[in-house]
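Take a look at the structure set out below.
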Amino acid sequence: QVQLVESGGGLVQAGGSLRLSCAASGITSSIRDMGWYRQAPGKEREFVARISRPGATTYTDSVKGRFAISRDNAKSTVALQMNSLKSEDTAVYYCYVDRNSRTFWGQGTQVTVSS
């Protein structure tokens, strides 16, 4: 099993920045992709970004150029640097990891961007 704990959410004004962090514990060997999804009120959960173990990154179009994902394999952590935040980025952000064909999720952290 893998446990994930997110931190770093909060309230920020439009144009501001936040950095989300997620730490994995438990059986963290063989973790492959790590990443983030988000869910806004009344909407489906949507993909935000992911990073492979070697460091290849993928982003949803709406955050390209504004968000940056990174990971530390030695510490089993993944981070999401969010810049130039917009009101439409308001959501609960969930980190996830893929390990041995299973996906594990964090509990979510709220990001609210005020306009």
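Note on the chain: semi-axes of the ellipsoid equivalent to its C-alpha gyration tensor, largest first and rounded to whole Å, are 24, 14, 12. Counting only protein heavy atoms and a 1.4 Å probe, the chain has 52 square angstrom of accessible area per residue.
The residue among Ser62, Ala79, Gly26 whose Cα reaches farthest toward the positive pole of the charge dipole of the chain, with charges on the beta-carbon of Lys, Arg, Asp and Glu, is Gly26. Centre-to-centre, using Cα atoms only, segment 1-21 and segment 43-99 are separated by 10 Å.
The value of relative contact order for the chain, using C-alpha pairs under 8 Å at least six residues apart, is 37 percent.
Straight-distance candidates among the lysines for linking to Lys64, with alpha-carbon spacing under 21 Å and chain neighbours fewer than 8 residues away dropped: Lys43, Lys86. Estimated at the nearest 10 Å², the accessible area of Met34 is 0 Å² with a 1.4 Å probe. Solvent-accessible area assigned to carbon and sulfur over segment 15-97 amounts to 46 percent, based on a 1.4 Å probe.
The values are calculated or read from the model by the stated rules, or taken from the named source; none is laboratory data. The shown structure was predicted, so the numbers you read here are calculated from the model rather than taken from an experiment. Backbone-built Cβ (ideal geometry, glycine too); neighbour counts: all protein chains shown. The area values use the complete protein model at the heavy-atom level, side chains included, leaving out ligands, DNA and RNA. Shrake-Rupley method; radii C 1.70, N 1.55, O 1.52, S 1.80 Å.
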